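The values are calculated or read from the model by the stated rules, or taken from the named source; none is laboratory data. These numbers were taken from a predicted model, which means no experiment stands behind them. FYI the Cβ positions are ideal-geometry reconstructions off the backbone, even for glycines, and counts take in every protein chain you see. Surface areas here come from the heavy atoms of the whole protein model, side chains and all, with no ligands, DNA or RNA. Shrake-Rupley method; radii C 1.70, N 1.55, O 1.52, S 1.80 Å.
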Amino acid sequence: MDLKKINKIVWWIPFRSIRDKFRWMLIKYYDLEIFDERSEKRFLELYNTFMDKNEELRDNRFEMKWEYRILNLYDNTVTTEINLYKTLYITWISRILSEIKPKKHVDIASHFVNVILPISAFVDIDFYDIRPVVPPFEIKGLKCIDGNITNLDIASNSVESISSFSVIEHIGLERYGDPFDPKGDIKAINELVRVTKSGGNIFISLPIASKAIIQYNGHRVYIPSMIIEYFKGCHLKDFKWISENKEIIDDINSVHTENIYWCEGLFWFVKD
């Protein structure tokens with residue numbers, strides 16, 4: 001049973017509201033579309049628009065059939081959504097790198113599109129990931145390397161600038177195919193410190209709150225003081241976090257507060 005046959009079955013029902021409900025029952029029965037209840041109304045709105053306006057939309061230029069559809073049910077929003085955390089850390093590190101101007105930056109497994117590509121526009125990057133990234137085309141100054149954050153093939157004390165955003169909290173929880181390791185996050189931090197040269201910069205982000213918990217198998221959530229303790233041989237140069245009111249707290253002393261709302265914390269360490 002396809003939608004065309006369903007339409008032939010229901011066309012004789014005189015009232016549109018009843019016709020639409022009956023059509024929807026058949027669609028669900030024959031599993032033509034899988035939507036939750038919230039989607040039903042929007043789906044019917046789009047289908048009715050298609051039926052009412054398809055001739056006009058064709059505009060004598062396009063072939064338009066219902067089976068060609070790609071339904072985007074919830075893009076009609078009042079404002080454009082922005083991922084607050086990702087926006088914060090990419091603007092944060094971009095400004096810092098543009099100021100310190102490292103000859104090369106190393107990143108370990110941060111988001112390729114939201115972090116690596118924007119940074120690669122103005123600084124050369126070696127990008128390591130346990131799940132190798134293969135760009136669809138060559139990007140000048142960007143080198144993608146297969147690597148594990150707990151065992152990096154990088155010489156000790158050699159890196160001027162390194163980052164790892166929204167990564168450390170996952171290590172050892174098996175979410176991304178990495179082996180189970182309760183100390184995986186600490187091993188990752190130790191590797192970041194090991195490869196960084198004296199005076200070099202380390203940028204990380206991870207979930208922080210007033211209570212340390214594990215949300216298995218998603219991630220760990222840290223108390224900021226834990227991170228300070230783990231980065232032995234480094235001093236904290238900058239710290240930012242986002243309050244419950246979506247305000248950016250730009251105060252390095254706030255790293256010691258006990259009232260941190262669950263959010264993404266940004267840490268900039270300099271190796272002694």
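Looking only at residues of the range 156-180 that are in contact with a helix residue (DSSP H, G or I) (Cβ under 7 Å, 6 or more places away or on another chain) and surrounded by fewer than 16 Cβ atoms within 10 Å (Cβ to Cβ), we find that the one that is nearest to V115 (Cα to Cα) is Y176. The residue list D107, D75, D124 contains one member that is out of contact with any helix residue (DSSP H, G or I) (no Cβ under 9 Å at 6 or more places or on another chain) and at pLDDT 95 or above, which is D124. Filter the range 257-272 for residues that are surrounded by 12 or more Cβ atoms within 10 Å (Cβ to Cβ) and without any contact (Cβ under 8 Å) to a residue 60 or more places away in the chain and give the result. The answer is T257, I260, Y261, W262. Only residues that are farther than 21 Å from R175 by Cα, open to solvent by 50 Å² or more (accessible area, probe 1.4 Å) and either under 23 Å from the mean Cα position of the chain (by Cα) or touching a residue at least 12 places away in the same chain (Cβ under 8 Å) (or both) were counted across the range 208-235, and they come to 8.
The residue pairs whose first member lies in the range 92-106 and is under 11 Å from N201 (Cα atoms), whose second member is open to solvent by 10 Å² or more (accessible area, probe 1.4 Å) and aromatic (F, W, Y), and whose beta carbons are closer than 8 Å, counting only pairs six or more residues apart or on different chains, are I96/W268; L97/F122; V106/Y128. Annotation note: of S39, S17, the sole residue that is among the polar types (S, T, N, Q), part of a helix (DSSP H, G or I) and at pLDDT 75 or above is S17. One residue alone among I145, I168 is in contact with a strand residue (DSSP E or B) (Cβ under 9 Å, 6 or more places away or on another chain) and under 23 Å from I214 (Cα atoms), and that residue is I168. The number of residues in the range 112-128 being free of Cβ contacts under 8 Å to residues at least 24 places away in the same chain, polar (S, T, N, Q) and open to solvent by 50 Å² or more (accessible area, probe 1.4 Å) comes to 0.
Condition check for E99 on (1) charged (D, E, K, R); (2) under 30 Å from R194 (Cβ atoms); (3) open to solvent by less than 90 Å² (accessible area, probe 1.4 Å); (4) in a helix (DSSP H, G or I): one failure, at (3).
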